[in-house]
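Single-structure report; data block below.
Only the coordinates and a few stated rules stand behind these numbers; no lab work does. Keep in mind it's a predicted model, so treat the numbers as computed, not measured. Don't worry about glycine lacking a Cβ; one is built from the backbone with ideal geometry, like all the others, and counts go over all protein chains shown.
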Amino acid sequence: ELKVEQNPLFLSMQEGKNYTIYCNYSTTSDRLYWYRQDPGKSLESLFVLLSNGAVKQEGRLMASLDTKARLSTLHITAAVHDLSATYFCAVFQGGGSNYKLTFGKGTLLTVNP
Amino acid sequence: KAGVTQTPRYLIKTRGQQVTLSCSPISGHRSVSWYQQTPGQGLQFLFEYFSETQRNKGNFPGRFSGRQFSNSRSEMNVSTLELGDSALYLCASSPHPSGVDTQYFGPGTRLTVL
């Protein structure tokens with residue numbers, strides 16, 4: 001059974017600092033997603049990573065995927081308060097109409113002034 | 001373009017009742033996926049519909065069912081509600097199936113079962 005572990009689960013950081021959220025998964029996959037969720041709100045898709053070595057950047061966020069290490073990272077550069085949210089990774093396993101999408105438990109990020 | 005809409009936004013039901021939730025995808029999107037979010041279990045995939053056909057189903061009992069109409073609108077039905085079905089139900093749409101594209105999520109329906 002695919003297990004997806006995010007760490008840390010809670011992250012409090014100061015504005016202007018850098019940090020990385022990790023997403024480890026237990027079985028082979030070459031497709032991974034990152035989402036953001038603000039309190040009481042729905043999910044927003046951030047990145048879709050479709051192959052080993054994929055790197056995507058949007059603003060202060062950069063995501064990468066290492067399928068051999070079964071690891072994805074979400075790097076935050078020079079954090080600002082607006083980035084405070086819960087971040088989820090989700091791992092896609094299988095293909096066609098026989099697939100599973102398993103989410104991590106989420107990382108609650110709080111950026112303090 | 002209008003975003004994904006879900007109705008109703010909030011719902012209170014009692015155990016044993018059934019409920020139907022609705023999701024209207026972004027115009028032109030033919031894939032609709034449903035997710036359940038609870039504090040205990042987190043986010044879990046329920047099922048995906050594409051062109052009126054269920055493409056995949058997560059690990060949920062048969063009480064959870066869905067359908068998709070020719071205009072791509074989708075409904076999810078939960079029968080014989082249990083307390084544990086209290087959750088935020090999210091739907092997401094995308095142009096193509098199986099998650100290659102970015103998914104766009106609706107605001108969710110918060111279901112409370114008493």
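Observations on the model:
- Listed residues B:44, B:36, B:17, most fluctuating in chain B (Gaussian network, C-alpha, under 10 Å): B:17
- Rounded, prolate or oblate (a/c below 1.5 giving rounded, otherwise prolate when a/b exceeds b/c) for the protein assembly as shown by Cα gyration tensor: prolate
- Reference-scaled alpha-carbon Rg (2.2 N^0.38 Å with N residues) for region A:33-93: 1.13
- Each residue, residue A:12 and residue A:58, gets one label point 7 Å from its Cα in the Cβ direction; the gap between the two is 2.8 nm.
- Over chain A, equivalent-ellipsoid semi-axes from the Cα gyration tensor in Å: 24, 14, 12
- The mean sequence separation of alpha-carbon pairs under 8 Å and at least six residues apart, normalised by the residue count of region A:1-78, gives a relative contact order of 31 percent.
- Surface/4 estimate of mean projected area, convex hull on alpha-carbon atoms of region B:66-114, nm²: 4.3 nm²
- Shape box of region B:1-112 [Cα atoms, principal axes, largest first, Å]: 37, 26, 26
- Placing +1 on the Cβ of every Lys and Arg and -1 on the Cβ of every Asp and Glu, with nothing else charged, gives the protein assembly as shown a dipole about its Cα centre of roughly 280 debye.
- Centre separation in Å (Cα based) which lies between region B:31-96 and region A:15-55: 22 Å
- Here B:109, A:20, A:73, A:28 are placed in order of increasing Cβ neighbour count within 10 Å, fewest first, which gives A:28, A:20, A:73, B:109.
- Peptide A:16-27 shows a mean partner chain C-beta count of 0 within 10 Å per residue C-beta.
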